[in-house]
Amino acid sequence: MKAPDFSYFEAQNIQDAIKYKSEDDEAVILAGGQSLLPALNMRLSSPSCLIDISKINNLNEIKIEGDFINIGALATHSDVMNNDLINEKLPCLVDILKMVAHAAIRNKGTHGGSIAYGDPAAELPAFAVAMDAEIVLSGLSGQRIVNAKDFYRGLFETDLKSDEILIAIRYPFLSHNQHLIFDEVCRRHGDYAMAGLMARVELDKSKINNLDLVYFATGDKPNIAQNTAKLVIDDRYDYEKLKKSLASEIDFAGDLNSSSEMKLHLATILINKILNKLER
Amino acid sequence: MDDIKVNQNPKLGSMDRPNSYIGRSLPRENAKKHLEGGGQFVDDLVLPRMLHVAFLRSPFAHAEIKSINVEEAKTSPGVFDVYTSKEIDEFCTPWVGTLGHLGEMRSPEQTPLAKKIARWQGEPIAVVIANNRAQAEDALELIEVDWEEKDAQVDMETALDDNAVVIHPELDSNLFWTRTVNQGDVNQAFETSHAVVETKLDFARHTGVTLESRGIVADWNKSEGKITIYHNGQAPHMMQHIIAKHLEVNEGLVRIVSRDVGGSFGIKVHVYPDEMAVAAISKKLGRPVKFIADRLESFTTDIHARCHKISGKLGVDKEGKILAMEINDLSGIGPFSMYPRTSAIETNQVLNLSGAPYVIPNYKAVGTVVFQNKTPMCQYRAVGHPIAVAITEALVDKAANKIGISLSEIRKKNFIPDTAYPNKTPSGVPLEDLSHQASMDKLLTMMNIQEIEKEKIANLDKNVLSGYGVISMCEVTNPSPLFYGVGGAHISSQDGASIRLEGSGAIHLSSSITEQGQGTEAIMKQIAADQLGVSMDSVRVTLGDTDATPYGGGTWASRGAGIGGEAVLKAARTLKDNILDIAAAIMQTDKNSLDVENNTVIRKNGGEGITLQQLAETVYYRGHELPKGTNPELLATASFLIEGIPFVFTNSAMGCKVSIDQDTGIIKIDKFWAVEDCGTQINPKLVEEQIRGGVIQGIGGALFEECVYDDQGNMQNATMADYLVPMAYEMPDIIVDHVTTNSGRSIIGAKGAGEAGTGGAPAVIMNAVNNALKHHGTEVLSQPITPEKILKALRKI
């Protein structure tokens, strides 16, 4: 379990990192290293070079920009959890991050890293999709912004181009009648979930006006369940009906801890859990 | 709680005297060392000219090596050489994992590296020797092997079928060992039973997951003809014999050093082919060689355990008295029986221990152990106990439910009475000094089952199912020579201790018992200081070095306190006696008027004493002042072994309460209770740590841990992310209490305490889960009890 040889480049600024990356297809970005380094040590990956962006200044800033909260790519999960702005404006993210691995990993793992890596079982990609976040990418031809739901394309496949680096995620504010509610079912605390759900709910008094359901740990990427969300708005919770709908719009992929059948069941149950949380 | 007084044993003297340390929860000194990073583990060791190795391991469960080409790998940067079995076998003879005392066992010869055929995924087939591990791993990728994959015999249930893949053609089948125990006449007893219940349980393979992985540094010194092995094992003298025998070195010139060891659980008491290869390489090259297993190697090459399917049948009369029990156990052990302890012991313990707390006049047990193409399986903490206890206690619960009596009542009706020892298990193994009745009574008081029942009923209309279980069990501890030695294994059942008073007045103690994190050093120190009458901080301990400690067995089978501790006690008493003899001569008084307190020889009737330092200085430096003929011996050595019975048993009663979320299948253990009777507790806090830690490992087996294999015999979850061990969040409150029945086999009276938690927790958790599921007329009979199994039982998926 020792990494194969690689070269190492410590980027001083984002332009350097982009330039280096554009010149070497085999190079990869190192931020917190919580997914990359185990993959290297298990020799599942053998990049030519690690471009270390962790020393770049100001890339971990968390600030308000217009109608968005902007989280710099290098902000660690712990930075985000302990940030006053986040606790005030986006407290649900703090609760979500409590479910992300364990303290030691959260001290190193970065927000941008988790979003860019796009693990379908991770919480943050689904959160970004449910929040309709904007993902800020920087490349040779400058910056561009991609909506989170367009960013994730397939299993560990994103819209990130080979010369680009993810530099920030911009979350729109939730209005007073909007809520982001989440839940997940894990074998152990801190594990990747057997199934998880991020739901953005817009209420008109107690009636659900609008609902987005985004699942994680269910398929190849954050899975949006649009039709199922409509059914929930119309009929509230009907297990059989919702299960059937989910089965038709998500291709559930089983893993070691839960079969696809189990995931479908849990995905259905999670809607009820979310609705119960909403009532509380 | 650092100075509680417990279980006074009259043979040990008053607890109200200075330096009475036995029975006190004193903090252990070496915990501080480990917290501060001051430990010395095998991987911390750096020797001049040391080489590192990495093994090429079979990617297949069963495959033939048509050809292997290591030439390119040899040219890789930093590589010293690359060996296959051809080079290694010149320096290491093969071994066979069989013993003579348990009937016929059949296992073929095993060599450090597979010769022609690899028989499990992870079996080593070649080794790269390089300047560092990373370079060795780089070169592994350059070894070319022409593999011909063969059909693998993965499933143990079909291993004896006519069309099974016979893993060792020289044996006519995959049968390793079988044993039948038959006491009385079960068939007749079942016929006359009022009720007969049956069940069938399934236990997945799991493994030990030590914090520190296996490691070895072998250092052959050609000029001395001596090999020193730094090894994180449990039994240095056993390894000394093994290395001498298979490397063909004079046994007196083999030194095994086991300093700090980060957990063992029985994983590190076996002979591993990769470690033997490292010793052979060092002898071949005359250089120190290091191997540290990485986590992936640990999962696929550390021994696995459990892997049983067992069916059972229990017959009771109208009142619930047990008339007969019958079990039939099948176990799969991988392609080889492990050396030197064999892989028969787990099944043997299942046969020995099932039904052990109860009077069962008719008992039949059949065990069958087969080969398969998976990682070798062998003895791991609580060998066989989880299976024996789970089948017994599941059947007892079923019988209680069938005839309509409570879970505690049926047990109380059938216990061997506390006053009826010595006695025997249903299989005929001698038992003594046990307390199932008193332990169960104490457990029931702690649990308050009436309250739990009320809560259970109140929860019935909610989404959460509640359930509880209670169990009783026996734990094998302190084995005698009848365990291994009688079968021909060079594994000492005797342990020794050596204690000396040094010129400074300090006490040095060495013992053949070893420490893997459980606090051995601390309890040895407590016994020595207590018996000598000195302060704890004046005792220094040396363990784990065959050149420096007395000969003995080491730490396994919960034998450290009961056997090694008794040896320390005896040696300390002898040394004290010598000290008093010398003091009486110096002080010109009657020996019986003297005692040792606080490192000073005192006059019991008052008056000035002399310190041990003064006494030692007189003996060592001014011996001419001593009266002629005074015995100047300030070193005492003693040994102890259990005679006449196979084991000293400990007993436990355990209870737990669980909640099951009917939507998700997630099981929460709300609370866990354990009552243990391990006789004298030398350090109650360490005993309770053993019980709690054991319970946590039992929770692992019951709910989480499983080595998952695909149909081709590939392990699917060989990482710490995918192999689930219980973590802090999954650990319930574990309330521990004690009943104390001292063992009559020793002065100290201590029985073992290391394994009951692991042996009992799976049974009580499974019983509690099925107690909860009973409301829905369903049950789960397979461990680990996963959320998916719960949901399937509840027909939710």
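The values are calculated or read from the model by the stated rules, or taken from the named source; none is laboratory data. Keep in mind that what you see is a predicted model, and the values were worked out from it rather than measured. For neighbour counting, all protein chains shown are included, and Cβ atoms are generated from backbone atoms with ideal geometry for every residue, glycine included.
Things worth noting here:
- If you check B:ASP461, B:ASP433, B:ASP418, B:ASP441 for being at pLDDT below 95, over 20 Å from B:MET766 (Cα atoms) and either buried (at least 19 other Cβ atoms within 10 Å of the Cβ) or not small (Gly, Ala, Ser) (or both), only one passes: B:ASP461.
- Count - residues of the stretch B:778-797 that are away from every other protein chain (no Cβ under 14 Å) and within 28 Å of the chain's Cα centre (by Cα): 4
- Test: A:SER54 is within 14 Å of another protein chain (Cβ to nearest Cβ), under 30 Å from A:PHE173 (Cβ atoms) and small (Gly, Ala, Ser): no
- For A:SER141, the criteria (1) crowded, with 24+ Cβ neighbours inside 10 Å; (2) more than 22 Å from A:PHE68 (Cα to Cα) hold in every case but one, which is (1).
To keep it simple, each residue is scored yes or no on (1) in contact with a Gly (Cβ under 6 Å, 6 or more places away or on another chain); (2) buried (at least 23 other Cβ atoms within 10 Å of the Cβ).
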{"position": "B:ASP329", "(1), (2)": "yes, yes"}
{"position": "B:GLY334", "(1), (2)": "no, yes"}
{"position": "B:SER337", "(1), (2)": "yes, yes"}
{"position": "B:ALA344", "(1), (2)": "no, yes"}
{"position": "B:LEU353", "(1), (2)": "no, yes"}
{"position": "B:THR368", "(1), (2)": "no, no"}
{"position": "B:GLN372", "(1), (2)": "yes, yes"}
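- Considering only residues in the stretch B:741-772 that are over 21 Å from B:VAL476 (Cβ atoms) and polar (S, T, N, Q), the one that is farthest from the chain's Cα centre (by Cα) turns out to be B:ASN771.
- Of the residues B:GLY713, B:GLY752, the single one that is in the same structural domain as B:ASP670 (by TED's automatic domain parsing), assigned to a loop (DSSP other than H, G, I, E, B) and under 24 Å from B:ASP530 (Cβ atoms) is B:GLY752.
Here is a yes/no grid of residues against (1) outside the structural domain of B:ASP441 (by TED's automatic domain parsing); (2) among the polar types (S, T, N, Q):
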position: B:THR600; (1), (2): yes, yes
position: B:LYS604; (1), (2): yes, no
position: B:ALA616; (1), (2): yes, no
position: B:LEU634; (1), (2): yes, no
position: B:THR664; (1), (2): no, yes
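- Search result, residues across the stretch B:510-545 that are outside any strand (DSSP E or B) and of a type in the set (S, T, N, Q): B:SER512, B:THR514, B:GLN516, B:GLN518, B:THR520, B:GLN526, B:GLN531, B:SER535, B:SER538
- Residue, nearest to B:VAL658 (Cα to Cα), within the stretch B:452-491, restricted to residues that are out of contact with any Ser or Thr (no Cβ under 7 Å at 6 or more places or on another chain) and part of a helix (DSSP H, G or I): B:ILE452
- Residue list for the stretch B:147-190, filter: of a type in the set (S, T, N, Q) and touching a strand residue (DSSP E or B) at 6+ places or on another chain (Cβ under 9 Å): B:GLN153, B:SER173, B:ASN174, B:THR178, B:THR180, B:ASN182, B:GLN183, B:ASN187, B:GLN188
- Index of the failed condition, B:GLN153 passing every other in (1) buried (at least 20 other Cβ atoms within 10 Å of the Cβ); (2) closer than 30 Å to B:LEU285 by Cα; (3) not hydrophobic (A, V, I, L, M, F, W, C): (2)
- Looking only at the stretch B:723-745, and only at residues there that are in contact (Cβ under 8 Å) with a residue 12 or more places away in the chain and within 9 Å of another protein chain (Cβ to nearest Cβ), the one that is farthest from B:ASN423 (Cα to Cα): B:LEU724
- Residue count for the stretch B:412-451, restricted to those that are small (Gly, Ala, Ser) and not in a helix (DSSP H, G or I): 3
- Matching option when the condition is within 30 Å of A:VAL136 (Cβ to Cβ), within 14 Å of chain B (Cβ to nearest Cβ) and not acidic (Asp, Glu), among A:ALA193, A:ALA199: A:ALA193
- Strands (runs of 3 or more DSSP E) contained in the stretch A:122-227 and holding at least 2 residues acidic (Asp, Glu): A:178-185, A:195-204
- Selection from the stretch A:1-46 of residues that are within 17 Å of A:GLU164 (Cα to Cα) and among the polar types (S, T, N, Q): A:GLN12, A:ASN13, A:GLN15, A:SER22
- Just so you know, in the stretch A:1-23 the residues that are within 14 Å of chain B (Cβ to nearest Cβ) and in contact (Cβ under 8 Å) with a residue 24 or more places away in the chain include one that is surrounded by the fewest Cβ atoms within 10 Å (Cβ to Cβ), and it is A:PRO4.
- Looking at B:HIS775, B:HIS738, just one residue is in the same structural domain as B:GLU475 (by TED's automatic domain parsing), over 23 Å from the mean Cα position of the chain (by Cα) and not aliphatic (A, V, I, L, M), and that residue is B:HIS775.
- Every condition in (1) in contact with a helix residue (DSSP H, G or I) (Cβ under 7 Å, 6 or more places away or on another chain); (2) surrounded by 15 or more Cβ atoms within 10 Å (Cβ to Cβ); (3) farther than 25 Å from A:LYS89 by Cβ is met by A:LEU197 except one, and the failing one is (3).
- Cross-chain or 6+ apart pairs with Cβ under 8 Å, the stretch B:62-86 first and within 30 Å of B:ASP155 (Cβ to Cβ), then among the polar types (S, T, N, Q) and modelled with pLDDT of 95 or more: B:HIS62/B:GLN153; B:HIS62/B:ASN373; B:ILE68/B:THR84; B:SER85/B:THR111
- The residue of the stretch B:654-666 that is nearest to the other protein chains (Cβ to nearest Cβ), among those that are buried (at least 24 other Cβ atoms within 10 Å of the Cβ) and closer than 26 Å to B:MET446 by Cβ, is B:ILE660.
- Residue within the stretch B:13-31 that is modelled with pLDDT under 90 and in contact with a Ser or Thr (Cβ under 8 Å, 6 or more places away or on another chain) present: yes
- Take the conditions (1) touching an Asp or Glu at 6+ places or on another chain (Cβ under 7 Å); (2) facing chain B (nearest Cβ under 10 Å); (3) farther than 12 Å from A:LEU197 by Cα; A:ASN257 misses just one of them, which is (1).
- Residue check for A:ASP159: modelled with pLDDT of 95 or more, within 12 Å of the chain's Cα centre (by Cα) and among the charged types (D, E, K, R): no
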